[in-house]
Amino acid sequence: MMTMNEFRSLFHNGLIKQNTGLVQLLGLCPLLAISNNIVNALSLGLATTLVMAASSGAVSGVRNFVPHEIRIPVFVLIIAALVTVIDLAMNAFVHPLYLVLGIFIPLITTNCIVLARADAFAAKNHPLHSVVDAIAMGLGLTLVLLILGAIRELAGQGTLFSGIDLVFGKAAKSFVLHVLPNYHGFLLAILPPGAFIALGLLIAANNWYKVRTVQRARTTVPVAA
Amino acid sequence: MTPQIQVALKNALRTGVILFVFALIGTAMLAFTHDRTEPVITRGQLAEKRALLSQVLPAALYDNDLLASQQSVAPDDLLGTRQASALWLARRGGVFSGVVMEAVAPDGYSGDIALLIGIDANGNVTGVRVTAHRETPGLGDYVDRAKSAWIDQFSGKSLTNPDSGHWKVAKDGGAFDARAGATITPRAVIKAVKSALDYFAQHRAAFAAPIRGQAPAWKETDA
């Protein structure tokens, strides 16, 4: 079983310390491609989290049967099979949602964070820990995607939650926030370069915050002593 | 054989068998899911296609199975196609009542704009939809029905309404609105719809002819 402390440290690791988007810089291809608005970003983030939880659980479950030399091919096989199963099942049984997320699901296979977590964590840990770690990592990625999506959507077209009606049906059209009325748009933010610039700024802000925390700790210690 | 080689061989065989077992399990999983989902997915795709076709050609115009009437046509400059494309022939009571054609506007701002164009038997446009494009988001993408109703202004238009000199954006002295600052995309779409109407005028006789190898519905054949 799992103690509260372990649980908390796994989440701290996934969301902040080892954040895939800002610290590990893994899985940037889908991150940059899909973060042009909040709805896309959130959808991809949650879909990735689902795939990571499933694949980490499966990898961890079979970890004792897989010889070290062929672990990578076996993990790739498991992940690819799971993604395909989820893709087919969503297409068949939740078709409206699939129309929105459909393009992202195969993209998840290109996300190296899934394999990275399988190999670095799930292959060495109990299934329960592995699933929690995968969910924490996935939510960390979702968080960065969400911030990126919000920045790019706001700067690019002056709205938030545009396209939400694709997920929740036509009635949700009124949820779209026109934060900046009569905004003429800033195309760069929506195009791919906008993704690189916004991510760069986010990483810089994160690093600045970390450095500042360390420096504060250093300057306060001698005074206290 | 030295003992080392024997050990190495045994190891290779063991890992090979394990890999094989995993491949087998993975394949079985996929085969099972595919088997279970395929009929549902096919049904969904057909329904989707049918819904798309009914967006450009009102369902009241035909009583045949539009999807089953699909024909392949050779690439044509008027359709803007470089590969064979599809068209669907609508009939009501066995009489030709309209057509849905795939067409391409090759001169969009960022390449091809794929279109689906519905035309009734009298040569009036019944609807146009952009099915694929790479136009700039927030600028030229308003030709997409999901972004704006711009594309609806083609409904009811024909080669004589407006006359051929006015199949242009208003800025060029034509009859079609376009947003300021993004006229390349609408120009391309207007030109493509006009060409598709020209194509229709050239081929109308062939469309209206009874389907090859199938007796017209109003004439029963004695077997």
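The values are calculated or read from the model by the stated rules, or taken from the named source; none is laboratory data. Just so we're clear, the structure is a prediction, and the values are computed from it rather than from any experiment. Positions of Cβ are generated from backbone atoms using ideal geometry, with glycine treated the same way; all protein chains shown enter the neighbour counts. Note: accessible area is taken over every heavy atom of the protein model, side chains too, but ligands, DNA and RNA are not part of it. Shrake-Rupley method; radii C 1.70, N 1.55, O 1.52, S 1.80 Å.
Taking the stretch B:132-169 as the search range and keeping residues that are of a type in the set (Phe, Trp, Tyr) and more than 18 Å from the chain's Cα centre (by Cα), which one is modelled with the lowest pLDDT? Give the steps one after another, and end with the answer.
Taking the stretch B:132-169 and keeping what is of a type in the set (Phe, Trp, Tyr), we get B:142, B:150, B:154, B:167.
Cutting the leftovers down to more than 18 Å from the chain's Cα centre (by Cα) gives us B:142, B:150, B:167.
On the way: B:142: 89, B:150: 92, B:167: 92.
The selected residue is B:142.
Taking the criterion of being within 14 Å of chain B (Cβ to nearest Cβ), surrounded by fewer than 17 Cβ atoms within 10 Å (Cβ to Cβ), farther than 22 Å from residue A:131 by Cβ and within 23 Å of the chain's Cα centre (by Cα), would at least one residue in the stretch A:68-75 satisfy it? I'd like the intermediate steps shown before the answer.
Applying the first criterion (within 14 Å of chain B (Cβ to nearest Cβ)) to the stretch A:68-75 yields A:68-75.
If we keep only those that are surrounded by fewer than 17 Cβ atoms within 10 Å (Cβ to Cβ) as well, we get A:68-73.
Those still in the list that are farther than 22 Å from residue A:131 by Cβ too: A:68-70, A:73.
Among the residues that remain, those that are also within 23 Å of the chain's Cα centre (by Cα) are: none.
No: the stretch A:68-75 contains no residue that is within 14 Å of chain B (Cβ to nearest Cβ), surrounded by fewer than 17 Cβ atoms within 10 Å (Cβ to Cβ), farther than 22 Å from residue A:131 by Cβ and within 23 Å of the chain's Cα centre (by Cα).
Looking at (1) surrounded by 12 or more Cβ atoms within 10 Å (Cβ to Cβ); (2) more than 14 Å from the chain's Cα centre (by Cα); (3) among the hydrophobic types (A, V, I, L, M, F, W, C), can you tell me which one residue B:57 breaks?
(2)
In the stretch B:162-194, which residues are of a type in the set (Gly, Ala, Ser), closer than 17 Å to residue B:109 by Cα and open to solvent by 20 Å² or more (accessible area, probe 1.4 Å)? Spell out the reasoning first.
Looking only at the stretch B:162-194, we keep the residues that are of a type in the set (Gly, Ala, Ser), and these are B:164-165, B:170, B:173-175, B:178, B:180-182, B:188, B:192.
If we keep only those that are closer than 17 Å to residue B:109 by Cα as well, we get B:178, B:180-182, B:188, B:192.
Selection gives B:178, B:180, B:181.
Pick from A:28, A:10, A:42, A:50: which is under 30 Å from residue B:18 (Cβ atoms), open to solvent by 40 Å² or more (accessible area, probe 1.4 Å) and away from chain B (no Cβ under 14 Å)? Outline the logic, then answer.
Working: A:28 fails: under 30 Å from residue B:18 (Cβ atoms); A:10 fails: open to solvent by 40 Å² or more (accessible area, probe 1.4 Å); A:42 fails: under 30 Å from residue B:18 (Cβ atoms).
Result: A:50 is the single residue among A:28, A:10, A:42, A:50 that is under 30 Å from residue B:18 (Cβ atoms), open to solvent by 40 Å² or more (accessible area, probe 1.4 Å) and away from chain B (no Cβ under 14 Å).
Kindly provide the set of residues from the stretch B:132-144 that are free of Cβ contacts under 8 Å to residues at least 24 places away in the same chain, at negative phi and open to solvent by 40 Å² or more (accessible area, probe 1.4 Å), ordered by number.
Within the stretch B:132-144, B:132, B:137 qualify.
How about the stretch A:1-27: which of its residues are touching a Cys at 6+ places or on another chain (Cβ under 9 Å) and either part of a helix (DSSP H, G or I) or at positive phi (or both)?
Keep residues of the stretch A:1-27 that are touching a Cys at 6+ places or on another chain (Cβ under 9 Å), which gives A:26-27.
Hit for the stretch A:1-27 is A:27, nothing else.
More than 22 Å from residue B:145 (Cβ to Cβ), at pLDDT 90 or above and crowded, with 18+ Cβ neighbours inside 10 Å: which single residue out of B:129, B:91 fits that description?
Details: B:129 fails: more than 22 Å from residue B:145 (Cβ to Cβ).
The match here is B:91.
When the stretch B:179-223 is examined, which residues are found to be modelled with pLDDT under 55 and at positive phi?
Within the stretch B:179-223, B:213 is the sole residue that qualifies.
Can you tell me which of A:147, A:164 is more than 14 Å from chain B (Cβ to nearest Cβ) and hydrophobic (A, V, I, L, M, F, W, C)?
Of A:147, A:164, the one residue that is more than 14 Å from chain B (Cβ to nearest Cβ) and hydrophobic (A, V, I, L, M, F, W, C) is A:147.
Could you please find all residues in the stretch A:105-136 being among the β-branched types (Val, Ile, Thr) and either open to solvent by less than 40 Å² (accessible area, probe 1.4 Å) or within 14 Å of residue A:11 (Cβ to Cβ) (or both)?
Of the stretch A:105-136, the ones among the β-branched types (Val, Ile, Thr) are A:105, A:108-110, A:113-114, A:131-132, A:135.
Matches in the stretch A:105-136: A:105, A:108, A:113, A:114, A:131, A:132, A:135.
Just give me the residues in the stretch A:122-140 being of a type outside the set (S, T, N, Q) and within 20 Å of residue A:46 (Cβ to Cβ), in sequence order.
So the first thing to find is which residues in the stretch A:122-140 are of a type outside the set (S, T, N, Q), and the list is A:122-124, A:126-129, A:131-140.
The answer is A:122, A:131, A:132, A:133, A:134, A:135, A:136, A:137, A:138, A:139, A:140.
Looking at B:67, B:79 in this structure, which one is in contact with a helix residue (DSSP H, G or I) (Cβ under 8 Å, 6 or more places away or on another chain) and surrounded by fewer than 18 Cβ atoms within 10 Å (Cβ to Cβ)?
B:67
Listed here are the residues, each with its yes/no results for (1) open to solvent by 30 Å² or more (accessible area, probe 1.4 Å); (2) of a type in the set (D, E, K, R).
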residue: A:63; (1), (2): yes, yes
residue: A:66; (1), (2): no, no
residue: A:92; (1), (2): no, no
residue: A:144; (1), (2): no, no
residue: A:149; (1), (2): no, no
residue: A:154; (1), (2): yes, no
residue: A:162; (1), (2): no, no
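Within 12 Å of chain B (Cβ to nearest Cβ) and free of Cβ contacts under 8 Å to residues at least 40 places away in the same chain: which single residue out of A:85, A:59 fits that description? Reasoning before the result, please.
Values: A:59 fails: free of Cβ contacts under 8 Å to residues at least 40 places away in the same chain.
When all the criteria are applied, what remains is A:85.
Which of (1) more than 25 Å from residue B:46 (Cβ to Cβ); (2) assigned to a loop (DSSP other than H, G, I, E, B); (3) in contact with a strand residue (DSSP E or B) (Cβ under 6 Å, 6 or more places away or on another chain) does residue B:145 not meet, given it meets every other one?
With respect to (1) more than 25 Å from residue B:46 (Cβ to Cβ); (2) assigned to a loop (DSSP other than H, G, I, E, B); (3) in contact with a strand residue (DSSP E or B) (Cβ under 6 Å, 6 or more places away or on another chain), residue B:145 is out only on (1).
Please go through the stretch B:1-20 and pick out each residue that is within 9 Å of another protein chain (Cβ to nearest Cβ) and open to solvent by 70 Å² or more (accessible area, probe 1.4 Å).
Taking the stretch B:1-20 as the starting set, the residues that turn out to be within 9 Å of another protein chain (Cβ to nearest Cβ) are B:11, B:14-16, B:18-19.
Residues satisfying the conditions are B:11, B:14.
What pairs come up if the first residue lies in the stretch B:37-62 and is within 11 Å of chain A (Cβ to nearest Cβ), the second is open to solvent by 50 Å² or more (accessible area, probe 1.4 Å), and their beta carbons are under 8 Å apart, counting only those six or more places apart or on different chains?
B:37/A:93; B:40/A:93
Kindly evaluate residue B:30 against the criterion of being more than 14 Å from chain A (Cβ to nearest Cβ) and out of contact with any Leu (no Cβ under 7 Å at 6 or more places or on another chain).
Values: more than 14 Å from chain A (Cβ to nearest Cβ): no; out of contact with any Leu (no Cβ under 7 Å at 6 or more places or on another chain): yes.
So residue B:30 does not fit the description; no.
If I ask for residues that are surrounded by fewer than 20 Cβ atoms within 10 Å (Cβ to Cβ) and not polar (S, T, N, Q), which ones from the stretch A:77-89 would you list? Show your work before the answer.
Of the residues in the stretch A:77-89, the ones surrounded by fewer than 20 Cβ atoms within 10 Å (Cβ to Cβ) are A:77, A:80, A:84-86, A:89.
Hits for the stretch A:77-89 are A:77, A:80, A:85, A:86, A:89.
How many residues does the stretch A:117-159 hold that are in contact with a Gly (Cβ under 9 Å, 6 or more places away or on another chain) and not in a helix (DSSP H, G or I)?
1
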